[in-house]
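Comments concern the structure below.
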Amino acid sequence: MGRTVLSAVLGMTAFIPMAFAQEAAAPAPGAGEAIPLETFSGKVLATGLEGPWEVAWGPDDMLWVTERAGKRVTRVDPATGEAKPAITLDEVLVDQQHEGLLGLAFDPGFGKGSGNDYVYVTYTYDSTPADGDEQDAPRAKIVRLTWDADAQTLGEPKELLSGIPAGNDHNGGRLAIGPDGMLYRTQGEQGANQFGNYCKPIEAQRLPTQAEVDAQDWSAYKGKVLRMALDGSIPPDNPEIEGVRSHVFTYGHRNPQGIVFGPEGQIYESEHGPNTDDEINMLQSGGNFGWPFVVGFRDDQSYAYANWSAAPDCASLTWTNLTDAQSVPADVPHQEESDWDGDFVEPLKTLFTVPSGQNLEDTACGELFFICRPSIAPSGLDFYPEDGAIPGWGGSLLVTSLKGGAVYRFKLTEDGNWIRDTDRLFDTVNRYRDLAISPDGRTIYVSTDTGGLAGDALGGATDQMANPGAILAFTYTGEATPAAGGEDASAPESDVDTGNGG
Ligand SMILES: [Ca+2]
Ligand SMILES: [Ca+2]
Ligand SMILES: [Ca+2]
């Protein structure tokens with residue numbers, strides 16, 4: 001219902017900035033009362049961006065946006081929506097959905113007079129040597145750029161790490177710098193074992209050998225989270241996994257597109273599941289996160305590992321992403337989650353686990369049936385601060401959904417080590433790629449994909465996005481949390497509901 005109402009409003013006003021549901025400041029809800037949907041106003045802040053991918057609140061109080069297909073870093077004024085390109089990176093390799101300019105992170109010293117006015121970006125590029133093999137062409141790199149405050153531009157690109165695996169699917173690509181001063185990059189497994197790559201093996205469990213590290217061969221960095229010093233080097237306190245220290249911090253990931261840090265140094269990560277079981281994880285140094293042997297928990301629900309690449313004549317088989325034994329050809333090795341007894345780190349949360357036998361095709365989405373499957377395709381992840389303005393939100397994770405055009409809020413337990421409650425907000429007919437939070441905690445900014453498929457207003461699927469290539473702004477108009485500083489014990493917690501349902 002929330003989707004219908006909001007998407008109708010934003011949908012009709014595509015490209016026209018417009019506030020809606022403007023309300024006078026409403027009293028903060030008491031314990032047990034819901035925050036009504038009308039307590040947020042929404043507007044289209046900026047449009048015409050070419051695949052806005054990362055949106056981050058900058059130290060200069062501007063929104064910094066990477067344009068995946070536009071190859072630009074663009075600063076958007078949060079008051080006016082005016083967009084000011086800071087640099088165009090011609091080297092960026094762009095294709096339909098997964099390749100381009102991806103993550104961005106600020107140096108901790110940016111704007112503090114330290115001389116480190118740096119931003120870090122990551123993108124795909126064409127690595128084909130003059131006499132090279134086209135098949136191996138796409139790779140990713142991490143580059144440091146220097147901010148020129150007088151010229152209001154970025155320049156002086158310095159390459160920190162190149163030759164990272166990339167492809168035409170599941171490139172991960174989120175960048176973040178932790179409280180430990182280290183740079184993290186999420187790495188997808190390039191969509192091996194699915195769609196056009198279904199005969200390629202998933203390498204999320206393959207670990208680099210010492211010989212590879214010595215040769216600076218990063219080809220094992222698929223389905224991993226990388227951790228590096230700000231010069232791209234391997235930190236001495238990175239985990240030694242099976243005897244080898246590399247950039248690999250964690251492994252066994254599918255397509256991690258969100259990473260953020262909690263106040264106690266927790267590292268939260270969001271990751272796409274196949275048809276079910278997207279994951280919100282807490283990363284632990286050296287941890288194996290299970291893919292492709294397990295998605296979500298080791299519960300044998302609606303997923304088994306069908307290894308198409310190991311079939312004797314894979315290319316002759318017709319691929320399906322259904323994984324039950326009846327749907328998978330007999331030649332394809334097939335194992336239940338419980339057939340694998342390796343150690344792995346369980347997620348904090350799955351979106352969503354459903355029982356085996358649930359029909360994943362019989363839905364309102366017609367030929368676009370996969371949009372109606374239980375997974376939401378989580379992307380950008382952010383931490384809502386303890387002293388943020390919105391009652392009850394302090395200490396929550398916010399994650400965007402690509403399939404659902406929504407922001408999910410996960411209220412963490414006080415120690416931040418478990419998720420207590422889930423809330424779904426801001427539904428529109430869009431793909432929400434990433435988000436940023438204003439410093440006062442009142443406004444959530446969301447970047448939208450330029451194209452693709454998403455849920456529609458009627459519970460089906462569509463390729464017509466309401467606000468393609470936009471930054472949307474959702475502002476809380478109610479009374480703020482009484483005592484900023486984390487004293488939100490009197491605010492509603494598990495019962496906060498915007499009225500969106502779902
Ligand atoms: Ca962001
Ligand atoms: Ca997992
Ligand atoms: Ca499972």
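Computed values, structure above
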quantity	calculated
Exposure rule at most 15 other beta-carbon atoms within 10 Å, DSSP loop chymotrypsin sites (Phe, Trp or Tyr not before Pro): the chain longest free segment	16-339
Computed FRET value (nearest 0.05) for Q358 with R206, which takes r as the C-beta separation and R₀ as 41 Å	0.80
Inter-part distance where the range 292-365 and the range 396-473 are each reduced to a Cα centre, Å	27 Å
Theoretical gain in end-to-end length, A310 to Q216 [0.36 nm per residue, Cα-Cα removed]	31.0 nm
Sequence of V345, V407, V65 once ranked by neighbouring C-beta atoms within 10 Å, starting from the fewest	V345, V407, V65
Ranked packing of 254-260, 237-243, most packed first, by mean Cβ within 10 Å	254-260, 237-243
The range 385-490: GluC sites (Glu not before Pro) in DSSP coil with no more than 16 other Cβ atoms inside 10 Å	E414, E479, E487
Rel. contact order, % - alpha carbon contacts under 8 angstrom, at least six apart, the chain	17 percent
Convex hull volume per residue in cubic angstrom - Cα atoms of the range 140-219	137 Å³
Theoretical FRET efficiency, 1/(1+(r/R0)^6), r = Cβ-Cβ of T80 and A330, R0 60 Å, to 0.05	0.45
Given K224/K403; K200/K222; K141/K224; K200/K224; K141/K222, the pairs whose alpha carbons are separated by over 21 Å	K224/K403
Rg and Dmax [Cα atoms of the range 202-324; Å; Rg one decimal, Dmax integer]	16.1, 51
Solvent-free Debye scattering, log10 I(q)/I(0), computed from the Cα coordinates of the range 2-476 at q = 0.10 Å⁻¹	-0.72
Calculated SAXS-style log₁₀ I(q)/I(0) at q = 0.09, 0.12 Å⁻¹ - the range 349-479, Debye, Cα scatterers	-0.28, -0.49
Restricting the range 103-204 to trypsin sites (Lys or Arg not before Pro) in coil, as DSSP defines it, with at most 15 other Cβ within 10 Å	K112
Likely footprinting exposure, E269, E336, E361, fewest C-beta neighbours within 10 Å first	E361, E336, E269
Distance between modelled label sites at A130 and Q97, nm, 7 Å Cα→Cβ extension	3.7 nm
Ranked list, fewest to most other Cβ atoms within 10 Å of each Cβ, for H253, H98	H98, H253
14 Å reach of a label modelled at R420, 7 Å along Cα-to-Cβ, counting backbone N of the range 391-406	391-397
Helix-only CD estimate at 222 nm, as mean residue ellipticity for the chain, using -39500 (n - 2.57) per DSSP H run (n ≥ 4)	-1000 deg cm²/dmol
With eigenvalues of the C-alpha gyration tensor scaled by 5 and rooted, the range 77-161, Å	28, 16, 11
Sites S114 and D299 - FRET efficiency at Förster radius 51 Å, r taken between beta-carbons, to 0.05	0.55
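Each value in this text was obtained by applying a stated rule to the coordinates, not by laboratory testing. Just so it is clear, the structure is predicted and the values come from calculations on it, not from any experiment. When we count neighbours, we look across all protein chains shown, and the Cβ atoms used for this are built from the backbone with ideal geometry, even at glycine.
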